[in-house]
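Below is one structure, written out as structure tokens; comments come after it.
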Amino acid sequence: MSDLLQVEVVYGTPTKQKIITIAVKPETTIEQAIQESGILNIFKEIDLSTNKVGIWNRVAKLSDTVEDGDRIEIYRPLIADPKEVRKRRAEKAKLEGRADKVTGGRVNKLRNTTKKSEA
């Protein structure tokens, strides 16, 4: 029985997370481990043909084999592009006067008033 490998299969949504520890045989693929974990029955929205997977935060293929102690992660698709979100946030800060319109850096109101009084 000591031939078995211990792996975790994890998935989470904003409201529900699950970590399932299972024992698998050597040469088990990521896809087989996910199937054996039963996590697909808990989260019906998981579609292995579209959801990316990884081991310890590194993208992997479903056909890769697992090793003892691996943490198999099933990733959710992004709702919004992080670059676009940052860009919109920066534009809003510029409009509100919280960011310098040229450099995009933070505006230090105290420092700016000090410079004006020194002049």
**Message:** Testing GLN6 on (1) part of a loop (DSSP other than H, G, I, E, B); (2) in contact with a Gly (Cβ under 7 Å, 6 or more places away or on another chain), one condition comes back false. Which one is that?
**Reply:** (1)
**Asked** Mind checking which residues of the range 47-81 are in contact with a Phe, Trp or Tyr (Cβ under 7 Å, 6 or more places away or on another chain) and over 22 Å from GLN6 (Cα atoms)?
**Response** ASN51
**Asked** When the range 54-84 is examined, which residues are found to be within 17 Å of THR21 (Cβ to Cβ) and free of Cβ contacts under 8 Å to residues at least 24 places away in the same chain?
**Response** TRP56
**In the range 30-42, residue nearest to THR65 (Cα to Cα) [restricted to those that are surrounded by 16 or more Cβ atoms within 10 Å (Cβ to Cβ) and hydrophobic (A, V, I, L, M, F, W, C)]** = ILE30
**Request:** Name, by its number, the condition in (1) polar (S, T, N, Q); (2) in contact (Cβ under 8 Å) with a residue 40 or more places away in the chain; (3) not in a strand (DSSP E or B) that does not hold for THR15.
**Result:** (2)
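FYI, it's all coordinate maths here, none of it is from the lab. Keep in mind that this is a model prediction, so the values were computed, not measured. When we count neighbours, we look across all protein chains shown, and the Cβ atoms used for this are built from the backbone with ideal geometry, even at glycine.
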